[in-house]
Number of protein chains: 4
Amino acid sequence: MAGSTIGTIFTVSTWGESHGKGVGAVVDGCPAGLPLSEPDIQKFLDRRKPGQNRYTTARKESDEVEILSGVFEGRTTGTPILLMVKNTDQRSRDYSEIASYYRPGHADYTFDKKFGFRDYRGGGRSSGRETIGRVAAGAIASKILAELGVTLCTYTKSIGPVAASEFDPSHIEKDPLYMADGHASEKAQAYLQECMAKKDSAGGVIECIVKGLPAGVGNPVFDKLDALLGKALFSIGAVKAVEIGDGTAVTLASGASNNDSFRCSQEGQITKATNHSGGILGGISDGSDLILRAHIKPTPSISSIQDTVNQDGENIQISIKGRHDPVIVPRAVVVVEAMTALTLADALLTGMGARMENLIKVWK
Amino acid sequence: MAGSTIGTIFTVSTWGESHGKGVGAVVDGCPAGLPLSEPDIQKFLDRRKPGQNRYTTARKESDEVEILSGVFEGRTTGTPILLMVKNTDQRSRDYSEIASYYRPGHADYTFDKKFGFRDYRGGGRSSGRETIGRVAAGAIASKILAELGVTLCTYTKSIGPVAASEFDPSHIEKDPLYMADGHASEKAQAYLQECMAKKDSAGGVIECIVKGLPAGVGNPVFDKLDALLGKALFSIGAVKAVEIGDGTAVTLASGASNNDSFRCSQEGQITKATNHSGGILGGISDGSDLILRAHIKPTPSISSIQDTVNQDGENIQISIKGRHDPVIVPRAVVVVEAMTALTLADALLTGMGARMENLIKVWK
Amino acid sequence: MAGSTIGTIFTVSTWGESHGKGVGAVVDGCPAGLPLSEPDIQKFLDRRKPGQNRYTTARKESDEVEILSGVFEGRTTGTPILLMVKNTDQRSRDYSEIASYYRPGHADYTFDKKFGFRDYRGGGRSSGRETIGRVAAGAIASKILAELGVTLCTYTKSIGPVAASEFDPSHIEKDPLYMADGHASEKAQAYLQECMAKKDSAGGVIECIVKGLPAGVGNPVFDKLDALLGKALFSIGAVKAVEIGDGTAVTLASGASNNDSFRCSQEGQITKATNHSGGILGGISDGSDLILRAHIKPTPSISSIQDTVNQDGENIQISIKGRHDPVIVPRAVVVVEAMTALTLADALLTGMGARMENLIKVWK
Amino acid sequence: MAGSTIGTIFTVSTWGESHGKGVGAVVDGCPAGLPLSEPDIQKFLDRRKPGQNRYTTARKESDEVEILSGVFEGRTTGTPILLMVKNTDQRSRDYSEIASYYRPGHADYTFDKKFGFRDYRGGGRSSGRETIGRVAAGAIASKILAELGVTLCTYTKSIGPVAASEFDPSHIEKDPLYMADGHASEKAQAYLQECMAKKDSAGGVIECIVKGLPAGVGNPVFDKLDALLGKALFSIGAVKAVEIGDGTAVTLASGASNNDSFRCSQEGQITKATNHSGGILGGISDGSDLILRAHIKPTPSISSIQDTVNQDGENIQISIKGRHDPVIVPRAVVVVEAMTALTLADALLTGMGARMENLIKVWK
């Protein structure tokens, strides 16, 4: 399937390039009867829009989503939902230079090696605009999750060397970097100013916390919930590491400190005393919060001078023109949330038949 | 598919539980004409055997693989290859205790929540023995890769706080912990002695380096090569973080330092001056070494006293009996290699038709 | 995936309803480098347009296709191709009557049972307009096949009781019913006049002959080429039987008469003396012509009075208003061709790695 | 996946060749908690055994099934079920002759074209023995269906020109040809005697009737229930045509006679007055009986003299040695039933989440 589709029952296929006529997604397998309208989706898209703050490009992109199918009288019909955002800015500016060489840190070279040539305008299919389809689809998945009492909180945990030390979820939405710590955010903004002055860029860490996910979601072997989430997060361009729960820190822990004890409340509710595992045991959710982190590399588009080669095999030096985000982390926050939501919605749907009693409950 | 199958063209489905009649895998989609015999596979299985050193359980498991189908006159026929390892030790010792409670850090609780009950003998399906099928299948994938000039080198990079500082690949095979640094290994062994004395356990990091992978393998969007590999590694029990290339370190780097410059040799060969990206750009291999790391949590089976609950909802204290590996990292080295090999073999097969010219080359 | 996607490597997902904003498809996995433009696709769509003759509805549908992604500088890029045909006629005429009852022979009742409600305007997702996406995608598949020397010839073999007795392929394109026998076509047209006079409708048989398909395409077991084609044809609404080669007639034949002898020409070319098998043996193409037939039921929308029930559970009588095609067979001819082409393109792509030597040919 | 796996949630992968060490299947995605033991499966396998009557080969095959995984304390655990039947007769008799030429009507030639060579012993992977895995898996699917009140009745409708005119389901199990009409069976047996005398063979028609399937199973587009069933039946070797409901006869019917009227009983139960559609409308079950027919070609292995070619490209004459079934229809009855059951079990599982209310019912 050439890899533009994700999911087994709830499937999402994105389409579109940076400078084609539009971008979007087809969502199939969405249960019928979910209330859905364009504003539900627009709200998510607005979180990834550029120009929200001065650390992302000022380029004006309206990115208005249209639902072309699959919704009738305000509810999903169970048939494919086509989501489309038209590309408004397709002016054919001169791409001949960018077409001729390989930008370091970008997919120009690898696309040529795989496909023989590439749509070089604005990164083509490897552009960040491809994530519009993911975010739009993620908005639908989030609505499904919300109906089941599952909520996601996603935020910027660090920018370059500046890590948050506090966690105030109510701050996230108003923070220009989507951090949950206003003081850290100020330091991070100062750091980004330095990066911009040096014509350089920064990376960072995004964390997603999922509350309300029932225990029993996921699978024992290849489709472990962590494996599905790992794939989903690594499918976001620029992610170079993914952690679940304590993540890399587990290698320094001991079994005694890393194991989460089970406890039973007086009401008979089983919980864990700690949550080093990040909500997953043996590939299946354990009813605790799901905790995921994605590590994002610094934006490869920088305006300082870089060595590279052109298509004629000559070693050259380039300086990438245009305005570039010194960091993509804030815009990627909602992408991480969307990919997590898509994965969970599908895992809930594919897991419905894990027990005979459920099959009987639905069909008999 | 309940998640016991991985791959699109080259598919692997594992089956079997710790104390059932056997474990193994079905490999479908293996190209016809590959020389294959049981010793090719046994060699891989022997690398994950317990009892290879004193840090893994002395339990005698012969783990001899049988090929039941798909090979004729020493070559694969292109039809499913059934791999089986019989479980020799199925003595029905008393599991009533372990059946009654949930071991911290294990999948006992989550299996019960998903399936309603579980095969509690020796961890059942969530046992490490499930990886026998993966390793056996990985041996086949490795043979395919070898025919294309692709080789894998996998080793223990750290155990608990003891990290290797040298890299001598020739040392790996003879090291009891599969480290590439004899001095670090000695320290790690001392550290494991301490863990055992404290009835505790340790985690560690495994690195896999792939050489010879052609550029152009992988896909632009959801099935990015890193996403497929991320899923494959996270599907290994106990993996809590996965890194590609510089991994988590990229968040501290700047764009200028993290971008790998392209260089063209006098022979017209395009290479990268550095390899921070770990051999993947935009989800597609770039012809450099692929570099992956899996972070493994400490073995959850420890014999010190732990708090937990039993199935009657009582808070109890347990001490897990029997001999337990203080670390599973060395045994997981070949599992990481197998999962990487499976993923690459499938990516090479699914990617054959990326260009019309290849389709014509094969069919016309 | 809720079943709106077909294919493994070359995948097609259709979207859209009869009276939504548009209909279309996403084609993923199309090899890069295929010359493609909108007229290539329009040519196919024009073959399924209504109003081509007086036996199909005169309703004016322009059905102009737009390619929104996946093509750059006249060639496919290997990334998803979004095909869209806007629905021009969305006037919200009164559907309250049709919304209230279940039309016999239609999917109204079953959609309600599956999804809880339905988009009742013009049949919604079960409308014949859904096939626009298939035909558009089929045009792309046909171009791939043409590059490999594979061509398809599809035509109406019978309408109601009127069967063709001659086969003149050059006649098909100009025949109003897409028959290959002008005399039979005249009789069939007379028969359709009778049907219309009786406010009734007719079915028929469509045959597809594929020339130039190399031997070795398909698979031995569940994904036999005949099984894939059978699924593809049965996925067309109104198809109630599918035949390969001699089809139902084989049950009256004997082994001696039904077996096709192999013959070797002086040039060493192996062929079959006859082709009862219709080009497939053991699920794999044998190099002969592929021969398929789909049996199409009479159009269920008829204006004569019918018994049915309404949503309140009352037994009522209805007469379906509006102009209806007395037969859909001629319009379904290109749909059968499209589904065959999609299936073959995918089978050729998934079959590229059947031998190690092919893998080496492409990657080394 | 090279096509040895079928299903989306409930998946079945068969493995094994005629003269390898064994044959069988892996069943994944079976809901946990289904009572299952080997006799449940053996009962099905016994129905396809040769030597049950004098029209099938007397070859003694015990075909005893073993469950190697996925069942614990008499119930399915939700993990993969490995089913194995050992091949008892692997004596290496001389296959050099059969290895050298292509049997008409068999897959020898196409396997060579696809894979480059083949396991020629007893047909290898294309042997009827491959269906053992399907039947064993079908027994599990049938148990799932039975728990939901869905039952299947499958029988031989015709042998060569001898068609049943009566339908007495209670007769089927005791009939040597699995016909539901004792008189027709006697005539069919006489016809088979003639075939054997002429060293020739016969085909026939198998019908499967499914009772109790709820309305709402299946999907609107590519994965229509009829499409999934069509694929499943065409995946059985020797099937050359598949019909649903009135099948090929619909092309002679008119809309008025072919449409099934809906009726509402006094209890408010909606039914159809007739069932020309065979229980499916628009790809989704309508609550009526499902009616399917598979048309089976005459056994290609006949001992009379046939023309063919050998691998050196010489035109030769052969006479296939050994005892051969003059008809495979009776043995294929249970295979048709198994493939239908597998398809329905998977359709029920994949369809659980068609409505939000079901998702809430299971997860909240």
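Of the numbered conditions (1) in contact with a strand residue (DSSP E or B) (Cβ under 9 Å, 6 or more places away or on another chain); (2) at pLDDT 95 or above; (3) at negative phi, C:Gly116 fails exactly one; give the number of that condition.
With (1) in contact with a strand residue (DSSP E or B) (Cβ under 9 Å, 6 or more places away or on another chain); (2) at pLDDT 95 or above; (3) at negative phi applied to C:Gly116, the lone miss is (3).
Out of the stretch D:5-17, which residues are within 25 Å of D:Leu229 (Cβ to Cβ) and buried (at least 24 other Cβ atoms within 10 Å of the Cβ)? Give the steps one after another, and end with the answer.
Taking the stretch D:5-17 as the starting set, the residues that turn out to be within 25 Å of D:Leu229 (Cβ to Cβ) are D:5-16.
Within the stretch D:5-17, D:Thr5, D:Ile6, D:Gly7, D:Ile9, D:Phe10, D:Thr11, D:Val12, D:Ser13, D:Thr14, D:Trp15, D:Gly16 qualify.
Looking at the stretch B:190-208, is at least one residue assigned to a helix (DSSP H, G or I), of a type in the set (S, T, N, Q) and at the interface with chain A (Cβ under 8 Å from one of its Cβ atoms)?
no
If I filter the stretch B:235-272 down to residues being open to solvent by less than 30 Å² (accessible area, probe 1.4 Å) and without any contact (Cβ under 8 Å) to a residue 12 or more places away in the chain, which single residue comes out as nearest to the chain's Cα centre (by Cα)?
Looking at the filtered set, the residue picked out is B:Thr251.
D:Gly203 versus (1) of a type outside the set (A, V, I, L, M, F, W, C); (2) open to solvent by 10 Å² or more (accessible area, probe 1.4 Å); (3) over 30 Å from D:Ile9 (Cβ atoms): which is the lone unmet condition?
Failing condition for D:Gly203: (2).
I'd like to know if the stretch D:135-143 contains one or more residues that are within 14 Å of chain A (Cβ to nearest Cβ) and either farther than 15 Å from D:Ala341 by Cα or surrounded by fewer than 23 Cβ atoms within 10 Å (Cβ to Cβ) (or both).
Yes, the conditions are met somewhere in the stretch D:135-143.
Going by the conditions given, is B:Leu348 under 30 Å from B:Lys49 (Cα atoms), open to solvent by less than 50 Å² (accessible area, probe 1.4 Å), more than 10 Å from every other protein chain (Cβ to nearest Cβ) and not in a loop (DSSP other than H, G, I, E, B)?
Working: under 30 Å from B:Lys49 (Cα atoms): yes; open to solvent by less than 50 Å² (accessible area, probe 1.4 Å): yes; more than 10 Å from every other protein chain (Cβ to nearest Cβ): no; not in a loop (DSSP other than H, G, I, E, B): yes.
It is false that B:Leu348 is under 30 Å from B:Lys49 (Cα atoms), open to solvent by less than 50 Å² (accessible area, probe 1.4 Å), more than 10 Å from every other protein chain (Cβ to nearest Cβ) and not in a loop (DSSP other than H, G, I, E, B).
Which of the residues belonging to the stretch A:335-355 are more than 17 Å from A:Ala215 (Cβ to Cβ) and in contact with a strand residue (DSSP E or B) (Cβ under 7 Å, 6 or more places away or on another chain)?
Those that are more than 17 Å from A:Ala215 (Cβ to Cβ) and in contact with a strand residue (DSSP E or B) (Cβ under 7 Å, 6 or more places away or on another chain): A:Val336, A:Glu337, A:Thr340, A:Ala341, A:Leu342.
Can you work out which of the residues in the stretch C:62-104 that are among the small types (Gly, Ala, Ser) and out of contact with any Asp or Glu (no Cβ under 7 Å at 6 or more places or on another chain) is nearest to the other protein chains (Cβ to nearest Cβ)?
Looking at residues that are among the small types (Gly, Ala, Ser) and out of contact with any Asp or Glu (no Cβ under 7 Å at 6 or more places or on another chain), I get C:Gly78.
From the list B:Ile159, B:Ile132, pick out the single residue that is within 23 Å of B:Thr5 (Cβ to Cβ), open to solvent by less than 20 Å² (accessible area, probe 1.4 Å) and not hydroxyl-bearing (Ser, Thr, Tyr).
Sole residue among the options that is within 23 Å of B:Thr5 (Cβ to Cβ), open to solvent by less than 20 Å² (accessible area, probe 1.4 Å) and not hydroxyl-bearing (Ser, Thr, Tyr): B:Ile132.
Considering the stretch A:18-38 alone, what residues qualify as being among the acidic types (Asp, Glu) and open to solvent by less than 20 Å² (accessible area, probe 1.4 Å)?
A:Asp28
Step by step: first the residues of the stretch C:286-309, then only those that are outside any loop (DSSP other than H, G, I, E, B) and more than 7 Å from chain D (Cβ to nearest Cβ), then the one that is surrounded by the fewest Cβ atoms within 10 Å (Cβ to Cβ). Which residue is that?
Filtering first and then ranking leaves C:Ile291.
Just to be sure I understand the filter: pairs with C-beta atoms under 8 Å, separated by 6 or more residues or on different chains, first member in the stretch A:312-328 and more than 10 Å from chain B (Cβ to nearest Cβ), second member in a loop (DSSP other than H, G, I, E, B) and of a type in the set (Phe, Trp, Tyr). Which pairs pass?
A:Asp325/A:Tyr55
Which is closer than 18 Å to A:His295 by Cβ, among the basic types (Lys, Arg) and open to solvent by 10 Å² or more (accessible area, probe 1.4 Å), of A:Lys198, A:Lys231, A:Lys187, A:Lys224?
A:Lys231
Restricting attention to the stretch C:177-192, which residues are within 14 Å of C:Gly204 (Cβ to Cβ) and either touching a helix residue (DSSP H, G or I) at 6+ places or on another chain (Cβ under 7 Å) or without any contact (Cβ under 8 Å) to a residue 60 or more places away in the chain (or both)?
Within the stretch C:177-192, C:Leu177, C:Tyr178, C:Met179, C:Ala180, C:Asp181, C:Ala184, C:Ser185, C:Lys187, C:Ala188, C:Tyr191 meet the criteria.
Let's see how each residue does on (1) charged (D, E, K, R); (2) modelled with pLDDT under 95; (3) closer than 30 Å to C:Tyr101 by Cβ:
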residue: C:Gly123; (1), (2), (3): no, yes, yes
residue: C:Ile132; (1), (2), (3): no, no, yes
residue: C:His171; (1), (2), (3): no, no, no
residue: C:Asp175; (1), (2), (3): yes, no, no
residue: C:Met179; (1), (2), (3): no, no, no
residue: C:Gly182; (1), (2), (3): no, no, no
residue: C:Pro220; (1), (2), (3): no, no, no
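Restricting attention to the stretch C:303-335, which residues are over 17 Å from C:Lys240 (Cβ atoms) and hydrophobic (A, V, I, L, M, F, W, C)?
Of everything in the stretch C:303-335, those that are over 17 Å from C:Lys240 (Cβ atoms) and hydrophobic (A, V, I, L, M, F, W, C) turn out to be C:Ile305, C:Val309, C:Ile316, C:Ile318, C:Ile320, C:Val334.
Within the stretch A:25-45, how many residues are in contact with a helix residue (DSSP H, G or I) (Cβ under 9 Å, 6 or more places away or on another chain) and more than 14 Å from chain C (Cβ to nearest Cβ)?
Number satisfying all stated conditions: 6.
Inspect all residues belonging to the stretch A:317-334 and state whether any of them is open to solvent by 10 Å² or more (accessible area, probe 1.4 Å) and of a type in the set (Ser, Thr, Tyr).
yes
Go through the stretch D:147-165 and count every residue that is over 18 Å from the mean Cα position of the chain (by Cα) and outside any loop (DSSP other than H, G, I, E, B).
Total satisfying the criteria: 3.
Note down all Cβ pairs under 6 Å where the first residue falls in the stretch B:23-37 and is closer than 19 Å to C:Pro220 by Cβ, the second is modelled with pLDDT under 95, and they're at least six residues apart or on different chains.
B:Asp28/D:Met1; B:Asp28/D:Ala2; B:Gly29/D:Met1; B:Gly29/D:Ala2
Given C:Glu66, C:Glu73, which one is charged (D, E, K, R), modelled with pLDDT of 95 or more and in contact with a helix residue (DSSP H, G or I) (Cβ under 8 Å, 6 or more places away or on another chain)?
Selected residue: C:Glu66, the only one of C:Glu66, C:Glu73 that is charged (D, E, K, R), modelled with pLDDT of 95 or more and in contact with a helix residue (DSSP H, G or I) (Cβ under 8 Å, 6 or more places away or on another chain).
Among the residues of the stretch B:215-230, which ones are facing chain A (nearest Cβ under 8 Å) and in contact (Cβ under 8 Å) with a residue 60 or more places away in the chain?
If the condition is that a residue be facing chain A (nearest Cβ under 8 Å) and in contact (Cβ under 8 Å) with a residue 60 or more places away in the chain, then B:Ala215, B:Gly216, B:Val217, B:Gly218, B:Asn219, B:Pro220, B:Val221, B:Asp223, B:Lys224, B:Leu228, B:Leu229 are the ones that fit.
Within the stretch D:273-285, how many residues are of a type in the set (Val, Ile, Thr) and either more than 26 Å from the chain's Cα centre (by Cα) or assigned to a helix (DSSP H, G or I) (or both)?
The total comes to 1.
The values are calculated or read from the model by the stated rules, or taken from the named source; none is laboratory data. Keep in mind the model is a prediction, meaning the values are calculated, not measured. Cβ coordinates were reconstructed from backbone atoms using ideal geometry, including for glycine residues, and neighbour counts include every protein chain displayed. These area figures cover heavy atoms from the full protein model, side chains too; ligands, DNA and RNA do not enter into them. Shrake-Rupley method; radii C 1.70, N 1.55, O 1.52, S 1.80 Å.
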